[in-house]
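All remarks here apply to the structure that follows.
The values are calculated or read from the model by the stated rules, or taken from the named source; none is laboratory data. Quantities reported herein were computed from a predicted structural model and do not represent experimental measurements. Counting neighbours? That spans all protein chains shown, and the Cβs are built from the backbone with ideal geometry, glycine included. The accessibility values were calculated without ligands, DNA or RNA, using every heavy atom of the protein model including side chains. Shrake-Rupley method; radii C 1.70, N 1.55, O 1.52, S 1.80 Å.
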Amino acid sequence: MVVPHHATGARLARHRLADELADVVPPILLADLVAVLAELVGNAVRHADPLPGGVVRVAWRLRSTADGQRVQLRVTDGGSGAGPLMRAASPDAADGRGLHIVSGLASRWGVERDGLGQSVWAEFDPVATPRPDLVAAG
């Protein structure tokens, strides 16, 4: 999907992802996907140039495995001079935690660059389903 290179782009992408995957992936995974997508689109809007037409491209791909759905999110923008960097944020800082959130929730993430810009991707391994015999009784 294509969203505007504007703060509303993250909201549009989050809602579309949640609507399309609500019945496909477990709720806990969906919550992580929505949070990471919001961070990636927000970073693209704040720190990178838009693609031609003033947009950011957002995509997700599901692959079935024996353990469940593996999901990859990808946000493509026009790139920036420095590229995405994890920063150290003080406890009082208003920003600087986005890629730490991505790193903490995704199984892995990375950046790919080509002649048109850059894509930041995050991949999520299937969420393990708790075995009933290992769940503590409440």
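Looking across region 25-35, the residues that are under 12 Å from VAL127 (Cβ atoms) and either open to solvent by 30 Å² or more (accessible area, probe 1.4 Å) or of a type in the set (Gly, Ala, Ser) (or both) come down to PRO26, PRO27, ILE28, ALA31, ASP32.
Among the candidates ALA22, ALA66, single out the residue that is over 22 Å from HIS100 (Cα atoms), loosely packed, with under 15 Cβ neighbours inside 10 Å and modelled with pLDDT under 95.
Exactly one residue qualifies, and that residue is ALA66.
Among the residues of region 1-52, those that are in contact (Cβ under 8 Å) with a residue 12 or more places away in the chain, part of a loop (DSSP other than H, G, I, E, B) and closer than 30 Å to ASP67 by Cβ comprise MET1, VAL24, VAL25, PRO26.
Taking the conditions exactly as written (out of contact with any His (no Cβ under 6 Å at 6 or more places or on another chain), within 23 Å of LEU99 (Cβ to Cβ) and open to solvent by less than 50 Å² (accessible area, probe 1.4 Å)), does LEU12 satisfy them or not? When the stated conditions are applied, LEU12 does not pass them. Taking the criterion of being under 17 Å from ALA122 (Cα atoms) and surrounded by fewer than 17 Cβ atoms within 10 Å (Cβ to Cβ), would at least one residue in region 36-43 satisfy it? No, the conditions are met nowhere in region 36-43. Can you tell me which residue within region 99-120, out of those that are closer than 20 Å to VAL55 by Cβ and modelled with pLDDT under 85, is least open to solvent (accessible area, probe 1.4 Å)? Going through the qualifying residues, I end up with GLY115. From the list PRO130, PRO91, PRO126, the one residue that fits, being part of a loop (DSSP other than H, G, I, E, B) and either modelled with pLDDT of 80 or more or surrounded by 15 or more Cβ atoms within 10 Å (Cβ to Cβ) (or both), is PRO126. Going by the conditions given, is VAL75 of a type in the set (Val, Ile, Thr), open to solvent by less than 30 Å² (accessible area, probe 1.4 Å) and touching a Lys or Arg at 6+ places or on another chain (Cβ under 8 Å)? Yes; evaluated as a whole, the condition is true for this residue.
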